[in-house]
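Report on one structure; see the data block that follows.
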Amino acid sequence: MRSRGNNAKAVVAHDAGAIDLVHLRQVTFGDEVLAREVLGLFDAQAERLLATVVSARDERARREAAHTLKGAALGVGARAVADAAADLEAVAGDPERFGGALAHLSALVAVARLAIAGLTARK
């Protein structure tokens, strides 16, 4: 990715590791435009899937949304999000552990989305 000024650098530094840029470059063949497009798609999908997890009325729907989020996160190199989604998938039917797993996943999705905003910003 090209440098985008001090603000974007600060966001990326703050969220270092939220998105594995080496992985992203590999899966997008070094195409910066494609990388931004893929990140934008993940950003929207992560928001939608997290909302599905929150609003789901049954364990199966929670698991499916978490599983889909895990795969999408792995695709862009958001490994922490993928790990948290896997953790939530594992406890989707456990009311005592679900809330904590959801809070953790929500926080990591927010960090990844902030990093994506910095990476996709154009001046």
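The values are calculated or read from the model by the stated rules, or taken from the named source; none is laboratory data. A quick note: this is a predicted structure, and the numbers were derived from the prediction, not measured. FYI the Cβ positions are ideal-geometry reconstructions off the backbone, even for glycines, and counts take in every protein chain you see. Heads up: the accessible areas ignore ligands, DNA and RNA and are worked out on the full protein's heavy atoms, side chains in. Shrake-Rupley method; radii C 1.70, N 1.55, O 1.52, S 1.80 Å.
Quick notes
- Selection of first residues in the range 66-87 that are under 13 Å from ASP43 (Cα atoms) and of second residues that are in a helix (DSSP H, G or I) and of a type in the set (S, T, N, Q), restricted to Cβ pairs under 9 Å at least 6 apart or on distinct chains, gives the following pairs, ordered by first then second residue: LEU69/GLN45; LEU69/THR52; ALA72/GLN45; GLY77/GLN26.
- Scanning the range 36-72 for residues that are open to solvent by less than 30 Å² (accessible area, probe 1.4 Å) and modelled with pLDDT under 95 returns a single hit, ALA56.
- The residue list ALA80, ALA44 contains one member that is at negative phi, in a helix (DSSP H, G or I) and touching a Leu at 6+ places or on another chain (Cβ under 7 Å), which is ALA80.
- Test: residue in the range 95-113 that is crowded, with 17+ Cβ neighbours inside 10 Å, over 10 Å from the mean Cα position of the chain (by Cα) and in a loop (DSSP other than H, G, I, E, B): no
- Candidates are the residues of the range 1-35 that are surrounded by 15 or more Cβ atoms within 10 Å (Cβ to Cβ) and of a type in the set (Asp, Glu); the one that is modelled with the highest pLDDT is ASP20.
- Residue count for the range 81-94 under the criterion of being within 12 Å of the chain's Cα centre (by Cα) and open to solvent by 50 Å² or more (accessible area, probe 1.4 Å): the result is 1.
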